[in-house]
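Taking it in order: structure first as structure tokens, then the write-up.
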Amino acid sequence: MATSLHSTDPRKWILSLITLTCILGASLFIDPPSIGTQILGKLNRVVPDGLTGWSVLTSPNWKIQPLAVNLSSCHPAIGRPGKLVNCCPPRNMLDDPISDFEFPDPDTTPIRVRRFAHRLDDDYIAKYEKALSIMKSLPHSDPRSFTRQVEIHCQYCTGSFLQQGSDFPVRVHRNWLFFPWHRMFLYFHERILGSLIGDETFALPFWGWDSPDGMTLPELYLNGSFNDHRRDPSHYPPTVVDLNFKKLDPTRSTPEEQIRLNLALMYNHMVSGAKTAELFLGCPYKTGEYEECPGTIERAPHNPLHTWLGSPDIDGREDMGAFYVAARDPIFYAHHSNGDRLWGLWSETHKGFDDPAFLNSYTYFYDETLRLVRIRFSDVMEMDKLRYRYEEIENAWVAARPEPSVSPRLARREIRKREREREGNVVLDLPSSRFGPTNRVLDSTITIPIDRPREVWYSNRRNEKEREEILVVEGIDVKANDYVKFDVYINVVNSTILSPIYREFVGTFVDIPGGTSSSKKRTKLQLGISEALEDLEADQDRTIWVTLVPRTESCNQVTVDGLKINYTEK
Ligand code: C2O
């Protein structure tokens, strides 16, 4: 039976369940446009189009409309596999008047400075403690209360709301909504905390897990309102965080080795593997479409750290390990503020999405004055305009570019030999890069040759390097109700050491269960590999060899359709 994050009237429950069953059933069997309208006809109260530019529900072009939240569609949803939860607001949000978001006035609003959580002074801690305990004492009916804050995250990770004009859910993980949505969430959360203690300068701290000085759980979170008993105590300080947390043969590294590994992973996911908006921010998520494919930082360290910190004694490693309750742990906000900081850093040197379907998408939050605010994704592209910034720290990973574990010359010789055998068809048991109808189970390490598109290796030979090469692991079916992780390497030969500290590592797939209507899901992994190929001296080769290494037992419930190479302008 379903569990509620807050108490509700059982009659509402039955109604909600019926609604949910209809929605899930319909989305499984019928094409969205037609049935969408029928279902929404009942569920929806049309939000009036107040301002030019906000999309109207009834537009026939719903497919290309910016994504928007259908406020009247909240329903119980799957928190994590086997767990139905209701995290809907206690009353219909449409009963509240809607105000459009306004930027804080730059002339009168002080800048909030988010500080490194390992270097906070006692005054600050006392202030935050006070704000948080007031927030925790507010009644559930108050949207500023801590329980309601937790539920907001639950709503958007489980898909409790549907999209306007479609019967697809709104989900903010594993797609391009990830960074901007969490930025909005923190923005309102921080302002509420500040207003509860009458401090306009109050700013959240950030857990700088990408910096060697920040690679433990900040001490602050062991005490008072900041504590959460549903954690893994073996990961308390002085244990160094494992940004690449896996379950099979857990890394037993020294603190120094772990730090080196963390920095190498960061380099990979912030620099070499993150050269395009889609690689870093995740794939498009538009009205009426559903495809999962998270960006680099969301996959790791974001996902592994959730699981690393959650309690091993509770299913789903709650709290942090299960998104629907993750925001119960106060460290959640510092964890996300660091992700937000990294997005800011990345944006200084890269171009984000300019697709209007992204920028004009919008959602709603209650602000510190209890107003229901409608906010567009384009509103949160610049921190300056939102009047906050981050304390600067050294970004040690910038200089952590990994080196090949085997000399490229030696590796090439072995790969050439492999190539010749392949051409002579000696290696008959090697699967092709398209696995065909009988996809491959990831129950053991597999190595596959892939032929690269001529455009790519040929233009590299002519030194025209304006393209980013993308390795796609296609049709990943995750049937596991568990944390899933596998790593991807390129041109591995017998003597290669399989660790992210070496250049052969090109990225990792990490999935936390939950947030979908069933435990099954289909996703893909995109990895930017141009820089790694150059360092491996393989950028002019016609073929590369890709190795997939399962890192959790749950990988034996994961199948992969195939691999391919794409390329895109940088
Ligand atoms: Cu919305 Cu770290 O999760």
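The values are calculated or read from the model by the stated rules, or taken from the named source; none is laboratory data. Keep in mind that what you see is a predicted model, and the values were worked out from it rather than measured. Neighbour counts run over all protein chains shown; Cβ positions are idealised from the backbone, glycine included. Areas reflect the complete protein model, heavy atoms only, side chains present, ligands, DNA and RNA absent. Shrake-Rupley method; radii C 1.70, N 1.55, O 1.52, S 1.80 Å.
Taking the condition part of a helix (DSSP H, G or I) and under 19 Å from the mean Cα position of the chain (by Cα), does residue 188 pass? Before you say what the answer is, go through the steps one by one.
Working: part of a helix (DSSP H, G or I): yes; under 19 Å from the mean Cα position of the chain (by Cα): no.
Answer is no for this residue.
In region 213-230, which residue that is of a type outside the set (Lys, Arg) and in a loop (DSSP other than H, G, I, E, B) is surrounded by the most Cβ atoms within 10 Å (Cβ to Cβ)? Show your work before the answer.
If we filter region 213-230 for residues that are of a type outside the set (Lys, Arg), which is where we start, we get 213-229.
Retained after the next criterion (residues that are in a loop (DSSP other than H, G, I, E, B)): 215-218, 223, 227-229.
Numbers: 215: 23, 216: 18, 217: 25, 218: 21, 223: 10, 227: 13, 228: 20, 229: 8.
So, considering only residues that are of a type outside the set (Lys, Arg) and in a loop (DSSP other than H, G, I, E, B), the one surrounded by the most Cβ atoms within 10 Å (Cβ to Cβ) is 217.
Condition check: hydrophobic (A, V, I, L, M, F, W, C), surrounded by 19 or more Cβ atoms within 10 Å (Cβ to Cβ) and assigned to a loop (DSSP other than H, G, I, E, B). Does residue 473 satisfy that? Explain how you work it out, then say what you get.
Numbers: hydrophobic (A, V, I, L, M, F, W, C): yes; surrounded by 19 or more Cβ atoms within 10 Å (Cβ to Cβ): yes; assigned to a loop (DSSP other than H, G, I, E, B): no.
It is false that residue 473 is hydrophobic (A, V, I, L, M, F, W, C), surrounded by 19 or more Cβ atoms within 10 Å (Cβ to Cβ) and assigned to a loop (DSSP other than H, G, I, E, B).
Looking for something of a type in the set (D, E, K, R), in a helix (DSSP H, G or I) and either at pLDDT 75 or above or surrounded by fewer than 15 Cβ atoms within 10 Å (Cβ to Cβ) (or both) - is there at least one such residue anywhere in region 424-443?
Looking only at region 424-443, we keep the residues that are of a type in the set (D, E, K, R), and these are 429, 434, 440, 443.
Imposing the further condition that a residue be in a helix (DSSP H, G or I) reduces the set to none.
For region 424-443, residues of a type in the set (D, E, K, R), in a helix (DSSP H, G or I) and either at pLDDT 75 or above or surrounded by fewer than 15 Cβ atoms within 10 Å (Cβ to Cβ) (or both): absent.
Might you check whether a residue that is touching a residue at least 40 places away in the same chain (Cβ under 8 Å), more than 14 Å from the ligand (Cβ to nearest atom) and among the acidic types (Asp, Glu) occurs anywhere in region 344-357?
Step one: of region 344-357, the residues touching a residue at least 40 places away in the same chain (Cβ under 8 Å) are 344-346, 350-353, 355-357.
From what is left, the residues that are more than 14 Å from the ligand (Cβ to nearest atom) are 344-346, 350-353, 355-357.
Going one step further and asking which of them are among the acidic types (Asp, Glu), we end up with 355.
Yes.
Quick one: is residue 210 open to solvent by less than 10 Å² (accessible area, probe 1.4 Å), within 24 Å of the chain's Cα centre (by Cα), among the acidic types (Asp, Glu) and within 16 Å of the ligand (Cβ to nearest atom)? If you could, list the steps in order and put the result at the bottom.
Values: open to solvent by less than 10 Å² (accessible area, probe 1.4 Å): yes; within 24 Å of the chain's Cα centre (by Cα): yes; among the acidic types (Asp, Glu): yes; within 16 Å of the ligand (Cβ to nearest atom): yes.
Considered against the rule, which asks whether it is open to solvent by less than 10 Å² (accessible area, probe 1.4 Å), within 24 Å of the chain's Cα centre (by Cα), among the acidic types (Asp, Glu) and within 16 Å of the ligand (Cβ to nearest atom), residue 210 comes out as yes.
Could you tell me whether region 312-328 includes any residue that is open to solvent by 20 Å² or more (accessible area, probe 1.4 Å), in contact (Cβ under 8 Å) with a residue 60 or more places away in the chain, within 16 Å of the ligand (Cβ to nearest atom) and assigned to a loop (DSSP other than H, G, I, E, B)? Full working, then the answer.
As a first pass, look at region 312-328 and keep what is open to solvent by 20 Å² or more (accessible area, probe 1.4 Å): 312-317, 328.
Right, trim to in contact (Cβ under 8 Å) with a residue 60 or more places away in the chain and you get 312, 314-317, 328.
Cutting the leftovers down to within 16 Å of the ligand (Cβ to nearest atom) gives us 316-317, 328.
Now narrow it down to the ones that are assigned to a loop (DSSP other than H, G, I, E, B): 328.
Within region 312-328, one or more residues are open to solvent by 20 Å² or more (accessible area, probe 1.4 Å), in contact (Cβ under 8 Å) with a residue 60 or more places away in the chain, within 16 Å of the ligand (Cβ to nearest atom) and assigned to a loop (DSSP other than H, G, I, E, B).
Which number in (1) open to solvent by 30 Å² or more (accessible area, probe 1.4 Å); (2) not in a strand (DSSP E or B) marks the one condition that residue 89 misses?
(1)
Residues of region 458-497 being under 19 Å from residue 273 (Cα atoms), basic (Lys, Arg) and under 22 Å from the mean Cα position of the chain (by Cα), which ones?
Selection gives 485 alone.
Any idea how many residues of region 484-507 are farther than 18 Å from residue 259 by Cβ and touching a strand residue (DSSP E or B) at 6+ places or on another chain (Cβ under 9 Å)?
Step one: of region 484-507, the residues farther than 18 Å from residue 259 by Cβ are 484-496, 498, 503-504, 506-507.
Restricting the remaining residues to those that are touching a strand residue (DSSP E or B) at 6+ places or on another chain (Cβ under 9 Å) gives 484-493, 496, 498, 503-504, 506-507.
Qualifying residue count for the region: 16.
So residue 233 fits all but one of (1) open to solvent by less than 50 Å² (accessible area, probe 1.4 Å); (2) closer than 24 Å to residue 128 by Cα; (3) free of Cβ contacts under 8 Å to residues at least 24 places away in the same chain; what number is the exception?
So residue 233 meets the others, but not (1).
Pick from 506, 492: which is in contact (Cβ under 8 Å) with a residue 12 or more places away in the chain, open to solvent by less than 10 Å² (accessible area, probe 1.4 Å) and aliphatic (A, V, I, L, M)?
Working: 492 fails: open to solvent by less than 10 Å² (accessible area, probe 1.4 Å).
That would be 506, the only listed residue that is in contact (Cβ under 8 Å) with a residue 12 or more places away in the chain, open to solvent by less than 10 Å² (accessible area, probe 1.4 Å) and aliphatic (A, V, I, L, M).
Quickly run through region 152-179 and pick out the residues that are within 11 Å of the chain's Cα centre (by Cα) and either acidic (Asp, Glu) or more than 15 Å from residue 521 (Cα to Cα) (or both). Show your work before the answer.
From region 152-179, those within 11 Å of the chain's Cα centre (by Cα) are 157, 171-179; that's our starting set.
Hits for region 152-179 are 172, 176, 177, 178, 179.
Looking at (1) part of a loop (DSSP other than H, G, I, E, B); (2) surrounded by fewer than 24 Cβ atoms within 10 Å (Cβ to Cβ); (3) basic (Lys, Arg), can you tell me which one residue 174 breaks?
Among (1) part of a loop (DSSP other than H, G, I, E, B); (2) surrounded by fewer than 24 Cβ atoms within 10 Å (Cβ to Cβ); (3) basic (Lys, Arg), the lone unmet condition for residue 174 is (2).
Run down 242, 232, 213 and say which single residue is touching a strand residue (DSSP E or B) at 6+ places or on another chain (Cβ under 9 Å) and more than 30 Å from residue 386 (Cα to Cα).
232
Between a first residue in region 145-168 that is at pLDDT 95 or above and a second residue that is among the aliphatic types (A, V, I, L, M) and within 11 Å of the ligand (Cβ to nearest atom), which pairs have beta carbons less than 6 Å apart while being 6 or more apart in sequence or on different chains?
As it stands, the answer is 150/327; 153/327; 156/172, since those pairs meet every condition given.
Go through region 270-305 and give me each residue that's buried (at least 22 other Cβ atoms within 10 Å of the Cβ), among the hydroxyl-bearing types (Ser, Thr, Tyr) and either over 21 Å from residue 161 (Cβ atoms) or without any contact (Cβ under 8 Å) to a residue 40 or more places away in the chain (or both).
272, 296
Collect the residues in region 355-409 that are under 30 Å from residue 69 (Cα atoms) and assigned to a loop (DSSP other than H, G, I, E, B), keeping them in residue-number order.
Within region 355-409, 355, 360, 361, 367, 368, 369, 370, 371, 381, 382, 387 meet the criteria.
Kindly establish whether residue 298 is within 16 Å of the ligand (Cβ to nearest atom) and of a type in the set (Asp, Glu).
On the way: within 16 Å of the ligand (Cβ to nearest atom): yes; of a type in the set (Asp, Glu): yes.
In short, yes.
Can you pull out the residues in region 144-187 that are at positive phi and within 12 Å of the ligand (Cβ to nearest atom)?
Here is the first cut: in region 144-187, the residues at positive phi are 159, 165, 174.
Residue satisfying the conditions is 174 alone.
Per-residue answers, yes or no, for (1) open to solvent by less than 20 Å² (accessible area, probe 1.4 Å); (2) not in a helix (DSSP H, G or I):
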residue: 106; (1), (2): no, yes
residue: 125; (1), (2): no, no
residue: 129; (1), (2): no, no
residue: 141; (1), (2): no, yes
residue: 150; (1), (2): yes, no
residue: 153; (1), (2): yes, no
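How about region 436-464: which of its residues are farther than 14 Å from residue 541 by Cα and of a type outside the set (Asp, Glu)?
From region 436-464, those farther than 14 Å from residue 541 by Cα are 436-448, 464; that's our starting set.
436, 437, 438, 439, 440, 441, 442, 444, 445, 446, 447, 448 - these are the residues of region 436-464 that are farther than 14 Å from residue 541 by Cα and of a type outside the set (Asp, Glu).
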